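To start, the structure under review is shown below, and the notes come after it.
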Amino acid sequence: MNLWQARRAMATALGVTDIRFNPDGIEYNISYKSKGQTLSGAIKIDLVTAPAVEAKCGSHDCTLKLSYDAGSLPKNKVTSSFLYKRWYDPPPKVCLLCDTPPTTCSADCVQKAQTFATAFNSLRTFAKDTNAPLRTFTQRAAAWRTLATKPPIPDEVRVQRMMAEDAFKANKPDEALHYYENGVLLYPTWPEGNFNAALIAGDLSYYDTAIEHMQAYLELVPDAADAQAARDKILIWQTKAKEK
């Protein structure tokens, strides 16, 4: 699961549209009920210090097991509740003649919990990797723009491009996006990779992802012939993101 896949999975699992990601953390607002009152609070997770998690599934529900030895959470009830998420199966019907209810979670329940844990741990790993090329994108982009002759993309990135093109021809846009994004993670100063990832993400209604990739494209080639069209795309995606 790459960085953007993890972000999309987290947003889907949490059911929020205004979630904000940065290289080191996650932030969003929630409303919840406590003692008959509706309260609101801000969830802020520092991914550098947060513990790793794993899905722990039992009878009819899944929770997250925290590896406290690997990190900690702020002493904040609202923030801590982020990692005390549960996934439930429908409660078994009471019936004396029915078969014995299952004693473990359904495959769907397990998958949701495991996807959440994988996504969270992927973001946590990225946050701890201070040498990740994408973390210094702005500096890399500035240096790349000054090059009179742009270097060819590395072979490992060229493989990702070929895989993306093959997936796109096979009408597998999610798979194509995965390969383009893998290439961008390996080599952030890849204008075509960012541009193509943006268009595919936009078509898949991953508007925040599409905006991020297109902004990266414009930072690399601000004077491109299609720069204005790219900026217009961003405005369209921003409007659609608000309407979701």
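The values are calculated or read from the model by the stated rules, or taken from the named source; none is laboratory data. On a predicted model such as this, the values are computed, not experimentally measured, just so you know. Don't worry about glycine lacking a Cβ; one is built from the backbone with ideal geometry, like all the others, and counts go over all protein chains shown.
Kindly list the number of the only condition in (1) touching a helix residue (DSSP H, G or I) at 6+ places or on another chain (Cβ under 8 Å); (2) at pLDDT 80 or above; (3) under 17 Å from A6 (Cβ atoms) that fails for E165.
The single condition E165 does not satisfy is (3).
Which of the numbered conditions does L235 fail, given that it passes all the others? Conditions: (1) farther than 25 Å from R140 by Cα; (2) in contact (Cβ under 8 Å) with a residue 40 or more places away in the chain.
(2)
Does region 95-112 include one or more residues that are closer than 22 Å to V16 by Cβ, modelled with pLDDT of 85 or more and of a type outside the set (F, W, Y)?
Taking region 95-112 and keeping what is closer than 22 Å to V16 by Cβ, we get 108-109, 111-112.
Next, only the ones that are modelled with pLDDT of 85 or more stay: 111-112.
Those still in the list that are of a type outside the set (F, W, Y) too: 111-112.
For region 95-112, residues closer than 22 Å to V16 by Cβ, modelled with pLDDT of 85 or more and of a type outside the set (F, W, Y): present.
Listed here are the residues, each with its yes/no results for (1) of a type in the set (S, T, Y); (2) under 29 Å from A9 (Cβ atoms).
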{"position": "Q114", "(1), (2)": "no, yes"}
{"position": "S122", "(1), (2)": "yes, yes"}
{"position": "A142", "(1), (2)": "no, no"}
{"position": "T146", "(1), (2)": "yes, no"}
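Across region 209-244, what is the number of residues that are among the small types (G, A, S), surrounded by 14 or more Cβ atoms within 10 Å (Cβ to Cβ) and part of a helix (DSSP H, G or I)?
Here is the first cut: in region 209-244, the residues among the small types (G, A, S) are 210, 216, 224-225, 227, 229-230, 241.
Then drop every residue that is not surrounded by 14 or more Cβ atoms within 10 Å (Cβ to Cβ), which leaves 210, 216, 224, 230, 241.
Now drop any that are not part of a helix (DSSP H, G or I), which leaves 210, 216, 230, 241.
Qualifying residue count, region 209-244: 4.
Only one of these conditions is not met by V78: (1) at pLDDT 95 or above; (2) not assigned by TED's automatic domain parsing to the domain that holds Y180; (3) not aromatic (F, W, Y). Which number is it?
Of the numbered conditions (1) at pLDDT 95 or above; (2) not assigned by TED's automatic domain parsing to the domain that holds Y180; (3) not aromatic (F, W, Y), the odd one out for V78 is (1).
Can you tell me which condition I19 does not meet? The list is (1) surrounded by 15 or more Cβ atoms within 10 Å (Cβ to Cβ); (2) in contact (Cβ under 8 Å) with a residue 40 or more places away in the chain, and all the others hold.
(2)
Does at least one position in region 16-29 carry a residue that is part of a loop (DSSP other than H, G, I, E, B), of a type in the set (S, T, N, Q), at pLDDT 65 or above and closer than 30 Å to A241 by Cβ?
yes
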